[in-house]
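Here is the structure we will look at, set down as structure tokens.
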Amino acid sequence: MKRLHPILPIILSALLCCACGTARHGVPADAPERAIALEGVINARDMGGLRMADGRTVRSGKLLRSGNLSKATAADLRRLGKLAAVVDFRTAPERGMSPDRVPAGTRYLPLPCTVGRMDNMKEFFSLVNGPQPPTGEQLIAFVRKPDTQAAAKVIVSEFATTPANQVVFSKFLHTLLEPHDGAILWHCTFGKDRTGFGTVLVLAALGADRATIEAEHAYSQRALQARLAGLVSKMSAAGATRKDLDTVIAMVGIHPASLRYALDIIDTRYGGMQSYLHNQMHLSEQDIQTLRNLYLD
């Protein structure tokens, strides 16, 4: 049996530690009941049960997040239950390559979110989702590109700071305010970055503290662990450095520093999350109270 690169156990251990934290005032970030087990959809979970700073909890079966629905089976769609709306943060080319499967009667709302280095991300999606699995050498060559390393660091913060994306996420939050019967599900490709930032804003509007927001965001690491472990193993066997592995973790999984960087920018540039919700997301105090009345028990 081929021996693993000595850094691999360290990386995998770090992935587990990142995802296993317990949110202050809330349920454990890796609580099994939060996951929605689906056959063709990755990283699906219900926001239900997360406890907000005021002690109220998110109502179950109303706010769902996931990876894309292009490979959702009929059983998956039944498992998701009644969906009032599906919000798709992917770009038009992404949607064209992998169209969502959406239940009849569900409102489908494409709200494309992108970053300045999205071409780099497209190349990565093509590499890892291509007809032939990428080799360790191919992955290393990709993550060592300067654009890749830059994209990995700022990917979440660019969702927060780019004016066009602010419009997208404002529309998303206002969609949650509209009358509807059933759950609202939002997703991107892997359900971690664009979906993750949307979730950050939802939880902030509902009254979650920063520890709860960070712990919920980190849950994606566990959900994507099997996919990450395969890539890390290939790259380690091909001689990857710790920096190489950190970069692929940020691209496929969750790198905690990326979210913290985005939240810090919101604090310093926009005066904090509540100011950001009011001024960039255009949510009034009444809007925030309405969201809490709709989605909290």
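Please treat every number below as a calculation from the coordinates, not as lab data. Just so it is clear, the structure is predicted and the values come from calculations on it, not from any experiment. Cβ placement follows ideal geometry from the backbone for every residue including glycine, while neighbour counts extend to all protein chains displayed.
Within the set 171/234; 62/243; 145/171; 62/234; 171/243; 145/234, which residue pairs have Cα atoms separated by over 30 Å? Over 30 Å Cα-Cα: 171/234; 62/243; 145/171; 62/234; 171/243. For segment 178-297, the percent of C-alpha pairs falling in each 10 Å distance bin, counted from 0 to the bin holding the largest distance, reads 12, 36, 30, 15, 6, 1. What distance in nm lies between label points placed 7 Å from Cα along the C-beta direction at residue 132 and residue 73? Between residue 132 and residue 73, the label points sit 3.0 nm apart. For segment 197-297, the set of GluC sites (Glu not before Pro) satisfying both a DSSP loop assignment and a count of at most 14 other C-beta atoms within 10 Å is empty.
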